[in-house]
């Protein structure tokens, strides 16, 4: 075959998935969707691209900058979806607003962001997740958190834990401080990166009362695995009713989590800031020992659906399929990483020699759920064994007139 080297390879930030890697990816997504459906979530498949102004409706400046935009032939600006939450909110706000609430949706597919490729994330990456729309209760928030923990258990990340924050607490503080935009950005930056020098610089350059300064200084301490002392400490630092209401809401969510028996999987961190632009209440990330970045994240977004239609509170989570697969590979150890992709071996590789009775048996195996590959190139037994050896099949089956004979690929054929 002649290769035309003028044809460029695939762009940076995307990847081909095939054979075993593609199989594992599809199987993981199938397990997640099956779990979501058992919790009453219905499938949704939003478009891969939409009008850019819709996807940017309440996105943060960072997320807007990462969106892939392009012009349609009519001159309108379109964009590839950078996440699933906004398209689902748009669907509910414009088409399903008069259906009974709450509404539950689950999804899986590719999203696109123009960022530097990194471990566990390309510019096209996969997400699987759920959105619970039309409920503002602690029970709704807890359901998403418990489902996240169960989903990670289901796929094999049983040591994952959830770091839970509360955007309303931070917003209440920022409203009270009434900072200049540059000052607010400096404080957020310091908290997001847990930088003591940056926080000290913010305090040195900002005029605050002694009580306000004490609250800001103690913010980085409001995190840990035991939530009750953290909430008690935070309660002493509240500067307004919004901060108090945020803590009361968080306490109610923790009570529900305790009822589900998953409270030991949750760390509270009131400096946890994951703001895609639309979060209004809890935010959270799921972390695993294998990775230094989250495998899932989500939160409450009570103001997004109203951008497209009637008001509807909502909460959801997105699980990073690529990152889950990377964490699973690392948990299995270096020996589990194949040097090159390998096909997934079928349950049976058979030589039927065209016998109708053999083909009938093949169909019976397939109806029983077995993966059966029939030799279609007319190979004889030795050539078939060579093919099987090359693709990783250890046993083949040959029709011998009255039935199939099991023949080892290695060793002498019988």
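Since every read-out is calculated from the coordinates, none of them should be taken as a lab result. These numbers come from a predicted model, not from an experiment. Don't worry about glycine lacking a Cβ; one is built from the backbone with ideal geometry, like all the others, and counts go over all protein chains shown.
Observations
- Between 0 and 90°, nearest 10: helix 138-155 axis offset from the chain longest Cα axis: 30 degrees
- Site pair residue 366 and residue 382 shows an inter-label distance of 3.1 nm when each label is modelled 7 Å from Cα along Cα→Cβ.
- D (Stokes-Einstein, µm²/s), Kirkwood Cα radius, the stretch 7-155, 0.890 mPa s at 25 °C: 144 µm²/s
- Whole-angstrom Cα spans of the stretch 170-221 along principal axes, big to small: 22, 21, 20
- Tilt relative to the chain, helix 85-95 - C-alpha long axis, 0 to 90 degrees, to 10: 80 degrees
- Each residue in 36, 18 was given a count of other beta-carbon atoms within 10 angstrom of its own, and listing them fewest first yields 18, 36.
- Our summary gives the stretch 348-408 a relative contact order of 41 percent, counting only alpha carbon pairs under 8 angstrom and 6 or more residues apart.
- Whole-angstrom gap from the stretch 363-379 to the stretch 209-236, using each part's C-alpha centre: 64 Å
- Taking packing as the residue-averaged number of other Cβ atoms within 10 angstrom, the listed peptides 360-366, 102-108, 50-56 run from highest to lowest as 102-108, 50-56, 360-366.
- The alpha carbon gyration tensor of the stretch 218-266 gives principal lengths a ≥ b ≥ c with a/c of 1.5 or higher and a/b no greater than b/c, which makes the shape oblate.
- Degrees between helix 167-177 axis and first principal axis of the chain (Cα, 0 to 90, nearest 10): 30 degrees
- Neighbour-count ranking [beta-carbon atoms within 10 angstrom, fewest first] of 303, 196: 196, 303
- Dividing the mean sequence gap of close Cα pairs (under 8 Å, 6+ apart) by how many residues the stretch 225-352 holds gives a relative contact order of 15 percent.
- Look at 7, 319 and count the other Cβ atoms within 10 Å of each Cβ; fewest to most, that gives 7, 319.
- Restricting the calculation to Cα atoms, the stretch 260-414 shows an Rg/Rh of 1.26 when the hydrodynamic-style radius is the Kirkwood one.
- Working from Cα pairs under 8 Å separated by at least six residues, relative contact order for the chain is 18 percent.
- Per residue, the convex hull volume that the Cα atoms of the stretch 119-226 enclose (Å³): 189 Å³
- For the chain, the Stokes-Einstein estimate of translational diffusion at 25 °C and a viscosity of 0.890 mPa s comes to 99 µm²/s, using the Kirkwood hydrodynamic radius over alpha-carbon pairs.
- The stretch between residue 185 and residue 74, if pulled fully straight at 0.36 nm per residue, gains 36.1 nm over its current Cα-Cα span.
- Kirkwood Rh in Å, taken over the stretch 191-313 so that all alpha-carbon pairs contribute: 16.4 Å
- Rg then Dmax, both in Å and based on the Cα atoms of the stretch 96-180: 17.2, 46.
- Rounded to two decimals, the Cα radius of gyration of the stretch 348-408 over 2.2 N^0.38 Å is 1.04.
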